[in-house]
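Data block below; observations after.
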């Protein structure tokens, strides 16, 4: 079915440490409402609101291509996950950030794998965010074979646990 976006507890990580939590929202809090992250059966050209939290999270999504890969201008395929012509491509924009947008790629069976930034003309800027860790849980930050590249995994885990202990660091 559709994937409903009910909230976002954001953590931007720089150099292995939490930098900020901009963009946080939760459905029902401060008049925020859920939106569609991704529809189960999108149509090319169809659009939805993803986040509805005034002055905090206001992303819109439009479905661009149902079966594609990132272009050479976007930097091509990612390292850990590859589309091989089978990804959903969306265009996302936030009215609070005029002139900025991004393509996002979703791999069936995996989900989000890549975002490529676009300038005000829709040209790729070269800036990318891609899923690089391969694993099933937060334990990947300690696994040198997972490809995460975390310089100080213990410091990152401690920071994440301080931000959301119930969600990220429940006792085993």
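Nothing in this text is a laboratory measurement; each read-out follows from the coordinates by a stated rule. As the structure is a computational prediction, the values presented were derived from the model and not from experiment. Cβ placement follows ideal geometry from the backbone for every residue including glycine, while neighbour counts extend to all protein chains displayed.
Its relative contact order, with pairs defined as Cα atoms under 8 Å and 6+ residues apart, puts region 3-132 at 15 percent.
Hey, for a label at residue 169 modelled as a point 7 Å past Cα toward Cβ, could you say which residues of region 8-41 have their backbone N under 20 Å away? Hits in region 8-41 for residue 169 at 20 Å: 9-22.
If the chain linking residue 96 and residue 121 were pulled fully straight, counting 0.36 nm for each residue of separation and taking away their Cα-Cα distance, it would gain 7.3 nm.
Once the Cβ-Cβ distance of residue 84 and residue 146 is raised to the sixth power relative to R0 = 25 Å, the FRET efficiency obtained is 0.70.
Estimated purely from DSSP H runs of n ≥ 4, each contributing -39500 (n - 2.57), the mean residue ellipticity at 222 nm for the chain is -2500 deg cm²/dmol once divided by its residues.
Here, the chain has an Rg and a Dmax of 16.8, 49 Å when only alpha carbons are counted. Each 10 Å bin, from zero up to the one with the longest distance, holds this percent of the alpha carbon pairs of region 1-80: 16, 32, 37, 14, 0. Compared with the direct C-alpha span, the chain from residue 40 to residue 161 gains 40.3 nm at full extension, assuming 0.36 nm per residue.
Rounded to the nearest 0.05, what FRET efficiency do residue 72 and residue 10 have when you use their Cβ-Cβ distance and R0 = 22 Å? So, using R0 = 22 Å, E works out to roughly 0.10.
Size descriptor for region 53-110, Kirkwood hydrodynamic radius: 12.5 Å (Cα pairs only, one decimal).
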